[in-house]
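Worksheet: the structure to be examined is printed underneath.
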Amino acid sequence: MDDMNLQEFEARIARGEKIEPGDWMPDAYRKQLIRMISQHAHSEIIGMLPEGVWLGRAPTLRRKMVLLSKVQDEGGHGQYLYHAAETLGATREEMTDALLAGRAKYSSVFNYPTLTWADIGMIGWLVDGAAIQNQTMLAHCSYGPYSRAMVRICTEETFHKKQGMEQIIRYARGTPRQKQMAQDALNRWWWPALMMFGPHDTASPNSAQLIRWGVKTKTNDELRQDFINKMVPDFHAIGLTIPDPALRYDAASGDWLGGEINWDEFWRVVNGDGPCNAERLQIRRTAHTEGAWVREALNAYAARAEA
Ligand code: FAQ
């Protein structure tokens, strides 16, 4: 019976149909999606923190409004994604507990500090740009609720990227000090942004299954290469230097080829030992404790409404 179900499930994916919450699906498909979507949701929530610390220090009211709305959007993305994971049977409590206990993964990039205001522009351009590269693919994924969440999220991320580009272009064309700030930010965020795409394909245990079932349609290395090819000419055009001495254009493939990522650093950060992992989790734990009264009030309200 399971074999027949699996054949029909794979035939539906091959026909480009979406799998919906009540449909039959292999356990491994469900588990893979819960793993990936919950990590993605946590990334959005933790991802509010590096930018959030600059809300009180934005240089103008306009910049503050833009940043406030971006950070709010990221919180909203976390909510859509937790809901998408809930359609697969994961509960909000389990996912939150896993994050707060340090058992859950979230994107390595959010464990780096934001040292200057130029980092805010660079996150918008580079980090949101990398997220868009990955999520445009996921908007076509086989699981309906995840793909629909991605369509909406990508639309908002595009605004995030544009506001970042606008800031960095202004700085790159600004005073020598502003240009240096933009360059320093690029130097610090380039490699963490490339790491967002995950390990090399040969070291990615999940990719084969995700590709087979139409969750990913490109590999980690393919997406990373597409991203590099897009970003290098953009940064060169505004006079910034990519912090990779090995970078060269390969005319045969049309690719910009670079040096090797520091994978020891990547795994250290993924496994909890990055510059800000402890701080990020501590802030979430405090927020969770301080928000207990909100959850209690909502539960009491719901219980009264049902009575
Ligand atoms: N950081 O077998 P693979 C954003 C883990 S949202 C931490 O290749 P997979 C918006 C991976 O989970 C950014 N861990 O895994 C924003 C796996 O661990 P596991 C987040 C990583 O799933 C912008 C193990 O390594 N986006 O930026 C990372 O096939 C600005 C082996 O790896 C998403 O989550 C990493 N970088 O491919 C917000 C998109 N890379 O679970 C605020 C959805 C890998 O086996 C401000 N996720 N790992 O223990 C995906 O597309 C995929 O899950 C990948 C990883 C590509 C992240």
For the stretch 110-147, give me the residue count where each residue is near the ligand (Cβ under 10 Å from one of its atoms), free of Cβ contacts under 8 Å to residues at least 40 places away in the same chain and of a type in the set (A, V, I, L, M, F, W, C). 1
Here the qualifying pairs (Cβ atoms under 8 Å; residues six or more apart or on different chains; first in the stretch 49-63 and under 13 Å from Ile120 (Cβ atoms) and assigned to a helix (DSSP H, G or I); second away from the ligand (no atom under 13 Å from the Cβ) and of a type in the set (S, T, N, Q)) come out as Arg63/Gln167
Search result, residues across the stretch 90-109 that are within 11 Å of the ligand (Cβ to nearest atom) and in a loop (DSSP other than H, G, I, E, B): Arg103, Ala104, Lys105, Tyr106, Ser107
Consider only pairs whose beta carbons are under 6 Å apart and that are at least six residues apart or on different chains; among these, list those whose first residue lies in the stretch 182-209 and is over 15 Å from Ile120 (Cβ atoms) and without any contact (Cβ under 8 Å) to a residue 24 or more places away in the chain and whose second residue is open to solvent by 60 Å² or more (accessible area, probe 1.4 Å) and within 9 Å of the ligand (Cβ to nearest atom). none
Within the stretch 4-23, tally of residues that are touching a helix residue (DSSP H, G or I) at 6+ places or on another chain (Cβ under 6 Å) and either surrounded by 14 or more Cβ atoms within 10 Å (Cβ to Cβ) or over 20 Å from Ala90 (Cβ atoms) (or both): 1
For the stretch 81-109, what are the residues that are without any contact (Cβ under 8 Å) to a residue 60 or more places away in the chain, surrounded by 20 or more Cβ atoms within 10 Å (Cβ to Cβ) and not aromatic (Phe, Trp, Tyr)? Ala85, Ala90, Met95
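The values are calculated or read from the model by the stated rules, or taken from the named source; none is laboratory data. What you see is a predicted model, and the numbers here were worked out from it, not measured in a lab. Note that we place each Cβ from the backbone using ideal geometry, even for glycine, and neighbour counts take in every protein chain shown. Quick note on the areas: whole protein, heavy atoms, side chains included, nothing else; ligands and nucleic acids left out. Shrake-Rupley method; radii C 1.70, N 1.55, O 1.52, S 1.80 Å.
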